[in-house]
Structure formats: C-alpha cells, structure tokens
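Note sheet for the following structure.
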Amino acid sequence: MQKITIPRLGWSMEEGKFISWLKKPGDLVSVGEPLFELEGEKSLQEIESVEAGILYIPADAPLPGEIVPVGGLLGYLLEPGESPHSHSQSTPEPAARSFTGHDELAAAVVKANETSLGKSPTEIDRPENLAHLPVASPRARHLAKQFQVDWSSLQGTGRDGRIRESDVQEASGRGAAGRPSNNAKQGLGTISPRRKAIADRLRASRDLTIPVTLTTTIDATELVHLRQRLKHSNPRLVPAYTDIVACLIPWIYKSHPHMAVVWDTQHKGLIPVPHDQIHIGIAVDTPDGLLVPVVQQVGLKSLQTVTQESRKLIEQARTGRLPKTAMQGGVFTITNLGSYGIEAFTPIINLPEIAILGLGAIRREPVVMPDGQIMARDRITLSLSFDHAAVDGAPAASFLRDIAAAMADPAAYILNSVH
Amino acid sequence: MANSTQNLTNERLGSLYRTMQVIRQTEEELARCHQRGLIHGACHTYVGEEAIATGVCSHLNHNDVVFSTHRGHGHALAKGMPPKDLMAELFGRSTGCSQGRGGSMHLFSPEIGMMGTSGIVGPCILQACGGGYSSKILNNGTVAVAFFGDGAANNGAFHEGLNMASIWKLPVLFICENNQYATEVPFSYASGNPSVGNRGSAYGIPGFELNGNDVLEIYRVAGDAVARARAGQGPTLIECKTYRTRAHAEGMGDFTYRTREEVEAWKLNCPIAGLRKSVGVGNYDLARSAELVERFDQIDAEVAELVKEARDYAESSPVPVAETATNHVYGPQLGPVQDPVGPSSRTISFSQATLEALSEEMAINPTIFVMGEGIGKRGGNFVTTKGLYDLYGPERLCDTPICERGFVGLACGAAMTGTRPVIDFMFADFVLDGFGEIVNQIAKMRYMSSGRLKMPVLLRGCIGIGHSAATHHSGSYYGMYGQVPGLRVVVPSSAEDAKGLLKHALRCDDPVLFLEHREILQAKGPVIEGDFEIPFGKGRIVRQGRHVTVVALARMVHLVSSVSDELEREGISVELIDPRTVSPLDTDLILESVHKTGRLLIVDEPPGQYGFSAEIAARVVDEGFNDLDAPIKRLTGAFCPTPYSPSLENVMVPNADQVLAAIRELMSE
Ligand SMILES: Cc1ncc(C[n+]2csc(CCOP(=O)(O)OP(=O)(O)O)c2C)c(N)n1
C-alpha cells in the first residue's frame, strides 16, 4: 500500500488546492499515469502517479476544491488483493516542509541575535525626555558615567553644543590631557579649564588675603622614628608625613582658637571651627594640575583612618576621579614639597581658610645637642602662611611653635589617638 | 547499437547496465521522496539520459576528474558515488556527499574524482579545462570531463573553454547532453547552428554527434576520446542527443512547452530498455543472450535492494548540527608566521618586491603556474613576471587568449585538482568578466565541498585612479570582493608589505585577491631579503598618534602620511592605520586606536557607498561606540565612473587639501 500525498510544486509551495481525481476508486493506476489535478502557486498541474496500484480513496479524504498542505494525504494505491483496513482516515501527515535540522538552525540564528543584543529594547533604560537633553558624544557619556558626572547639565564645546570628552573631564575636575584645543592651529596660546580654575582660586587668594609666611626648622628624628615603627607594624598602611601632621592639627587647634577659624561666604566675618568639623585639605599634584582633596573630621579619626582616607582621595585625584564634593569644606591645608628637595616656601592660602602649612624636605644633618655633642639628626623646615587680615603674627607664630613641638615628639599625640 | 556489443565482455555489458539502473532507480526513488516533501530543494533528474554518464565514466578511474551541472545525479553515481551518499545529501543529512551543504546541485566527492556539480550553467566547462591544465603541470596522466547541457553550449564558457583546451591540447572531454530543451526553451530556437558536435571544428578539435541513448556507441566514442586525451592529443567534443523524460525539475509543469506524445515517444527510446534489447537473440547466440538477460534481471533486483537501503540510510541519518553551519568558509590558519624583523637596509620598489616574492615561491613550489595576457616572454604589462619565463618555462608562465572569464574559470578547476594558479589579470576592471567564476565558484568551492577542496588561487592585478587611465583601467572594487565569504582580499601599500603578503598568499590554501595600486608600483621602501610572510588580518600602524585615527589603504596611506607632519605642527596628532587586508579586516587594531583617540576618519579611493569605509564605520560604531567623541567621517572617491581629462580625474580621488580639511573639521566636532 502506498500513500498518495500532495507534492510540492516549486520551491516555496506550502499547500495546494486539490482539484479533482483523474482516476476513479478501484482503477488500476500505473507509474507515470496522470492521477489527480492540483493547483499550486503558479498553475494547475496534472500530477502523475509515482507508484502503481489500485486507487483507494478514504471516506474522509479531501474533497475537490479543498486546500491541502504539502504532504497531506489524498488516498492510497493498493496492491491487488490488499485491503485498506487500518488506513481509513486521512488526517494530513505533518506537512514535511521543514525538518528538525532546519528549525534548529533557525533557532540558533535567532538565539545568536538575541545574545548579541543582550537586552530586549524595553529593558534598556532611556532618559525620560530625550528631546530636552543636550547632545553628548558616546565617549563623553561613557566618561560621565565613569566619573559620576551628570552630563545633561553641561555646556558642550563641540559642534552645535555637543558635549565632548573634554567637557566631561573639566566638569569632573580632571583636565583635558593631551587634547589640543580647536584654536591651536591659529597659533593662539591656550589654557585648560582646569588650569583656569586653579588660576582663579589663586588670584582670589592674592586679592583677598594678606599672606605672611613664617618658617622654622625642627628636629624630626622622632617623627621619622614614629613612621618607621608604624611601617613595621603594618607595612601595607604606612602614613605619609602629611597624614601624621594632619592628625596633630586638631590637638593644636584646642589651644589656638584664633587660628581655628575660616572666612564666611561673604568673606566678611570669621567662623570658629568646632572640633568635629576639622576637615583638612591635602595638596596633591596631579597630571591635570593642583588638587586639594579634603579629609573630613580629622579630629574624630585615628591616624589609621586618616591614612586610609587620604590615600583613597589622592588616588582618585591622580586618576581624575575625584568628586567635586571631596574638595569642599576644608579648614586648613597641608602641602608638602619635600619630595622635590624644597626646604622652605610660601604656600598660598586656600580660601576660605586662613592658614596653610608647608612641609619641606627631611634631611639628616649634624646638630649640636643641648649637651654640646654633635649628632646626626633628621631636620625639617615648616612654612606656615597665614592671613594677616584674619589673625596677627604672634598667635600665628605660637601656633607654628606648637605644631613644631608636637611634630618633634609626635608619639604622645598619635599613639594616644590610635588607641 | 547492433554490432558494437559483440566485442564487449558480459562483465562490461553488465556493469554498463548496472550503472544505468542504479541511476534510474535511485532517481525514481528521489522523485517519490520529493513528492512526499522529504527533499527540501530542487531536484533535477537525469531520467532518460543515463547512457551518457554511464558510457563516458566507464573509462575513468578515480584520479580522473568530472565537473558537472545542475543535472548531476547521474554523473556522480556513474563516477562511483554510492546511492546512499547522494540520497542522504538530498535529504539534507550530515552523511550526504556534501554533508548537507549542497543538495541536488552541489554534489562533491573529490575523493573519487567527482569534483562537483554546479547550480550555475557553464562553469564546469572551464573547470574541466583547469583539471586538464593540472594534469599537464603535474604530468599525472589524468583526464578531465565536463558534462553540460545544450543550454550551456550557447554560453560563453563553451567558447572560451573549448578554445583554451584546443590551444593547450588539454586532456579534456566536453560532453554535451543535448536533451533539446534548456528548461523550457528549445535548442532549435536558441541555437543558430542545430549541431553542437560540429562546432568542434570551429576550435580545431574533434567533434562528434551521437545518439545519446545508445550506451554502447557512447562507450566506444568516449573510449577513443579518453585514449587521445591520455596520449596528449588534446580534447574532444561529444554531443549526445537525448531527452529527459521527466520535468526539468521535480514538481515543475511539463506540458506548456512540449507534448505528452513527444515525451511518451522518448520513453519508448529508453537507453536501459535499449541495452536489454540489444543483447537479444538477434545479436547473440541463445546461450549468451540468456546469460545476459539473467544477469540483467539479477542486477535489477540487486539495485532495487541497494536503493531501498540508500533511502533507509538517508532517512535515518542525522541532520547536520546547526553550530557547524559556518564551518569551512576558509581553510585552517597557517602555522604561526613571523612578522618581518626589520628594518632592512635595502630599498626596492613595490613591483620588485612582488616579483621577488613570486620568483622565490615558484622556485620552491612546482605546482605554481601563472596565467595572464603577456605574462610569458614579455614579462607582464607591469613587469610582474619579468624574467620568470626563462626560469620556469611556457607551461608555468602561460600566456592566455583574451578570455578573462575563461582563464579564471580554468584557475578554479586547476586549484580543485592540485595545482596553485596565479592569475595575473593586469587590471581589476578586466577580471570583472570573470566575476561569476570568482564569486560563485572559486570563493564558494571550499565551503560547498565541506572543506574537502582546497582553493589556492591567487588573483592579482592593478587597481587605482591616475594618469588619465579612464574608467576601464582604474577601478578598485575591493569593497565588492570584501562582501564575498571565502575570499581573502589584500591591498598592500608598501613594498615590504607587498612581498610579505604575496608570500603568504602563495602559501595560503584560500583564494586570494591581491590588488596592487598602479600609482605606487614604483614606490620604494626597505624590504627584507629572503623569506618572510605577513599574515592576513593584521594591520599596520603606519604612524602613531593621539588625537585622530585615520584608516587608509594603498595609495591613500601615502597621501595621509604626506600631510600628517603638517597636522602635527598644528597640534593634531594623527594615528595612521593601514589594515593591509580588506578581508579579513583587523578590526581590533582600529578599535584600539579609536579607544585612544576618540576620533575616526577613513580615507578611501573608491566610492564610499556600501564600501570598505562603510564597513569600518559600522564595525566601530558597533564595537567602539563608547569610545567615539565625534561622528565617524569618511573621505572617499566620487560615486562616478572615472573620467579621462586630468581636470575631471583630479576631483575623483581625495587629495591632500581634502585630507587636511577633513581632519581639522573632525577635530572641531
Ligand atoms: C548562469 C545560469 N543561468 C540560468 C540558470 C537557470 N537554469 C537552470 S537549469 C537551466 C537550463 C539549462 O539547460 P541545459 O544546459 O540544456 O541543461 P538541462 O537542464 O537541459 O539539462 C537554466 C536556464 C542557471 N542555473 N545558471
């Protein structure tokens, strides 16, 4: 017994219209004889029998005019004597137009597309009102995300105000290193926005303060010792000299209320600094210029914590990731040019602060000790610039003297605060 | 048929009968399967034409090569392919002869000399010439056969192929199966000359017109032709007049262009029945006749069993794994190659560098031969083969007639059969006549044969606008070729790159299009002496920079280079990248550079539309979007044929001022 099914006429035929039988049930059909008529996509065709046999048409076979899928069963060709018994129903065979391999391939392709998209469009968060946002280059947006800068509020310098990488760098407080400005080709001098911000601050300091710098040189042997000891006890967290000095300042402030002040926002009056608000700035030289990250509440923190925090801030400053807020609220600044071999200098006061302490290089020098002996000792020069408009010379000098004394014997202060 | 049987042994007669029956019964089963929807694509049967493949292939051994057409089941089976391999292929199974990549029109079994059937009418004629040329170069005595229809006899490939086979005396049989219709178009309508066989004399080769349903006649004439070919006496054209008694392809209507009566009449002229009749008592004594009839009956039964097994095998075979769908587009990567260790103190021109590379490789690889116009004694229009003729002789430095399609098609067949052709087409514009051979045949052959055919073809020639060459001597086209899977597209800019890349091309087993910009052929540069290779897909940073990435090829590399210093003085630091190969493209190198600079300009000589520059831009947007600080810019040639007058020609190609302006503009984006 052979099945008679709907053939595919042409490449894309999925179903056809069964028109009529060209043989009657019970007829003997031989190979190549026209068996039925079928209408495909293009035309009406006589379909020849590919088998020989006696035509048997089940009761529920498709009727003339019915649409039947490719592969659908029309009837049977029986061998002489064969009975149709168990084959009396003609539910279409699953139309054999696709095979599993095909579906698998399709699925694989679809899958590949999905994974390359990663997210479906609806999952991708878009700014609510796209139309009102300024335009930013992809690179600028990417950088803004990294620096946590809200680029939507920036003024772009690219074509038609497009926000560019350099705009984000400026906003983040990181200079546009290595990028030439647009008017470089006209031969005009340029200044980076970062540099300009620094210049403006310094100019304000010059205009508004009456700076006087006091210097003194002290014995730093104990300071160096202390640092060595701390280094031994925890080689992974060695405080810088600035960290140690920062931790001394709250102690000194206690007996120098005239120095523990900052200018108000109008630059008219002085505001006392409470003990829990002693935020100390540390001047950092970065590829993009001078930055002053601020360690908060030093009066409440151990040297260890101050070291950890300052280290993180300096790292952020050097890699251009220092948030603006981390540079605000300072009451006193420490700046260290010792690593350049500088001994004394005139640090510029960082407004609204009224004083800044400069640390020089530590040198081992012959020193005449109180007992007349000459010994090799570590020495450091301190340079304190203070605003004479805010405070007189004597209080400032005594402030420096006390800092010097504390630095000469720091362990008493530091080890107390550590434990 | 009468007398010719008597000198054949019973074994031979039986084997001819058996082959025809295998073809017939296999195809009838395929037709049934097609009706049932088990065969997915087209299925062109050979029913009624079995005598031809059978008579011809009986003279071939496994080293002889057959190139066939869309109606190729019979050729494959006659060449020795087991029916189960064929059936499994049409069922789309991984056990099929093409592992499911081909279907009915792409049957490959190079292991037995079945070099492939083709969905394109004509190219098999040229590929057989390539098989013949390999036979000459390798001197291995093999014969190549092209089977094709009457439709193909009116295709240009026929003319170019027969002429090449004639002048080089190639061991090729051209078998035209004239079944009187090309799909629905009668040969009597389509041909001014009603004979194909008599066209042989037009090419100076023997031509025959045979009854294509008489297997013994075909066997006899093909035998003579094969003997002539093996004896170095050149090709033969044999026209076999026949008829297909089924529709052009399964499922197609048959009686819009021919009558039922005509078909019925030809069914009576069945070649299998004919052979049976010829062994009757009229021709043989009773005993021999009876023995043959019995033998034939036994064969019928055996073949029925064989075909049944084949179908069961096909149906129970696994489908190919979807993940393997893109395997075999290219051959495996060659072993690690050393980048040149420079710099060299010696300075030579681009032309000298490629000549050196070709000469060195020809010296160590005797399968390399060069074909082109004037590349023999003359040494090439662009001195690409200067002096090589004297070193390697006329067969390896082969001047061609002006038949670009022909010799590119020949190169395809040659590569398929074990030699390494270098096609020197002079100008890229010229080889467009062979575009179909490159794109449809050469590039796809490895894949369609599921990696079993290597395609070491080097296609080289000049590109580039300049010196009023006008529009037929100035195109670049590499963007077009870059779209073709299977091709490698190389466009060097420096002499050293040219040497290293050409050497790599001559060792790589994939087809390579090697395009040389005419305006830089004399540009000199340091080139390492002796052996080194530059792998494909590795670009070169021509100049390091910080502010803007410029990608360029060939002459445009020189152009961008020439303005970079001026920009540097303005404070704009250009990073210039020469990808060196268009396909594969070193996307990573470009992305790395854009990551650094944030800006990308592509300077390209051909028109931008759908081109190389568009591809780079798309890839960088895709993979380097977050690195972009400005839109990607392209500076490309005009979308226009190349005019002659210098004043017109000048505005076709990017110039220095435009490059300067484009970069400055990009910096202000
Ligand atoms: C170059 C090309 N043009 C058109 C086609 C479409 N086509 C497929 S088979 C065919 C007829 C070929 O006739 P012939 O060469 O006589 O072979 P036959 O089918 O009669 O065996 C045509 C036109 C094709 N495959 N290739």
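The values are calculated or read from the model by the stated rules, or taken from the named source; none is laboratory data. Since this is a predicted model, take the numbers as computed values, not measurements. Neighbour counts run over all protein chains shown; Cβ positions are idealised from the backbone, glycine included. In case anyone asks, the SASA skips ligands and DNA or RNA and just uses the protein heavy atoms, side chains included. Shrake-Rupley method; radii C 1.70, N 1.55, O 1.52, S 1.80 Å.
Taking a straight Cα-Cα cut-off under 19 Å and skipping sequence neighbours fewer than 8 places away in the same chain, the aspartates and glutamates within cross-link reach of A:Lys145 are A:Glu123, A:Asp125, A:Glu128, A:Glu165, A:Asp167, A:Glu170, A:Glu315, B:Glu623, B:Asp627, B:Asp629. Simple rule: put +1 on each Lys or Arg Cβ and -1 on each Asp or Glu Cβ in the protein assembly as shown, find the dipole, and look at A:Asn336, B:Ile541, B:Gly374; the Cα lying farthest toward the positive end is A:Asn336. Here r is the Cβ-Cβ distance between B:Phe639 and B:Gln522 and R0 is 35 Å; the resulting FRET efficiency, rounded to 0.05, is 0.75.
Compute the Cα gyration tensor for region A:209-414, then decide on rounded, prolate or oblate, letting a ≥ b ≥ c be the square roots of its eigenvalues: rounded whenever a/c is under 1.5, prolate when a/b is larger than b/c in the other cases, and oblate in all that remain. Cα axes put region A:209-414 in the oblate bin. Note on chain B: dipole from Cβ charges, positive end direction compared against B:Ala357, B:Thr245, B:Ala505; the farthest Cα belongs to B:Thr245.
For chain B, take the longest principal axis of its alpha carbons; what is the angle in degrees between that and the long axis of helix B:350-364, to the nearest 10 within 0 to 90? In chain B, helix B:350-364 runs at an angle near 40 degrees to the longest axis. Highest average first, the peptides B:493-504, B:586-597 ordered by how many other beta carbon atoms sit within 10 Å of their residues are B:493-504, B:586-597. For region A:337-345, putting each phi into the Karplus relation 6.51 cos²θ - 1.76 cosθ + 1.60 with θ = phi - 60° gives couplings of 10, x, 5, 8, x, 6, 9, 10, 7 Hz, in residue order, rounded to whole numbers and with x for Gly and Pro.
Think of it as helices only: each DSSP H run of n ≥ 4 in chain B is worth -39500 (n - 2.57), and spread over all residues that comes to -12000 deg cm²/dmol at 222 nm. Charge dipole (Cα centre; +1 on Lys/Arg Cβ, -1 on Asp/Glu Cβ; no other charges) of the protein assembly as shown amounts to roughly 3160 debye. Compared with its chain on its own, region A:137-151 contains the following residues whose accessible area drops by 30 Å² or more in the full protein assembly (probe 1.4 Å; ligands, DNA and RNA excluded): A:Pro138, A:Arg139, A:His142. The eigenvalues of the Cα gyration tensor, multiplied by 5 and square-rooted, give region B:541-668 an equivalent ellipsoid with semi-axes of 23, 17, 12 Å from largest to smallest. For region B:1-148, a simple Cβ point-charge model (Lys and Arg +1, Asp and Glu -1, everything else neutral) yields a dipole of about 140 debye relative to the Cα centre. For the interface of B with A, what's the total buried accessible surface in square angstrom, probe 1.4 angstrom, rounded to the nearest hundred? Result for this pair: about 3400 Å² buried. Here the protein assembly as shown exposes an accessible surface that is 53 percent carbon and sulfur, computed with a 1.4 Å probe and the other protein chains kept in place. Contact with the other protein chains removes 30 Å² or more of accessible area, compared with the isolated chain and a 1.4 Å probe, from these residues of region B:626-642: B:Asn626, B:Leu628, B:Asp629.
For chain B, the solvent-accessible area works out to 35 Å² per residue, with a probe of 1.4 Å and every protein chain left in place. Please compare each pair in A:Lys196/A:Lys254; B:Lys79/B:Lys386; B:Lys503/B:Lys633; B:Lys79/B:Lys267; A:Lys196/A:Lys268; B:Lys169/B:Lys386 to a cut-off of 32 Å on the Cα-Cα distance and tell me which ones are over it. Beyond 32 Å: A:Lys196/A:Lys254; B:Lys79/B:Lys386; B:Lys503/B:Lys633.
Each part reduced to its alpha carbon centroid, region B:279-305 and region A:257-320 end up 110 Å apart.
In region B:593-617, burial by the other protein chains removes 50 Å² or more of 1.4 Å probe accessible surface, compared with the chain on its own, from no residue at all.
Round to the nearest 0.05 the FRET efficiency obtained for A:Gln304 and A:His275 when R0 = 30 Å and r is the Cβ-Cβ distance.
0.95
Simple point charges give the picture: +1 on the Cβ of Lys and Arg, -1 on the Cβ of Asp and Glu, and for region B:541-668 a dipole about the Cα centre of about 120 debye.
In percent, rounded to a whole number, the relative contact order of region A:183-296 is 17, using alpha-carbon pairs under 8 Å and six or more apart.
If you plug the beta carbon distance of B:Ser15 and B:Ala618 into 1/(1 + (r/R0)^6) with R0 = 56 Å, you get a FRET efficiency near 0.45.
Model label sites at B:Glu261 and B:Val329, defined 7 Å from Cα along the beta-carbon direction, differ in position by 5.6 nm. Put simply, the amide H of B:Ala249, placed in the peptide plane, has no neighbours under 5 Å, leaving out anything fewer than 5 places away on its chain.
A simple spin-label model places pseudo-atoms 7 Å from Cα toward Cβ; at A:Thr325 and B:Asn198 they are separated by 9.9 nm. Going through region A:216-288, which trypsin sites (Lys or Arg not before Pro) have at most 10 other Cβ atoms within 10 Å and a DSSP loop state? In loop regions of region A:216-288 (DSSP not H, G, I, E or B), the sparsely surrounded trypsin sites (Lys or Arg not before Pro) are A:Arg236, A:Lys268. With both labels modelled 7 Å from their Cα along Cα-to-Cβ, the B:Ser359 to A:Arg201 distance reads 7.0 nm.
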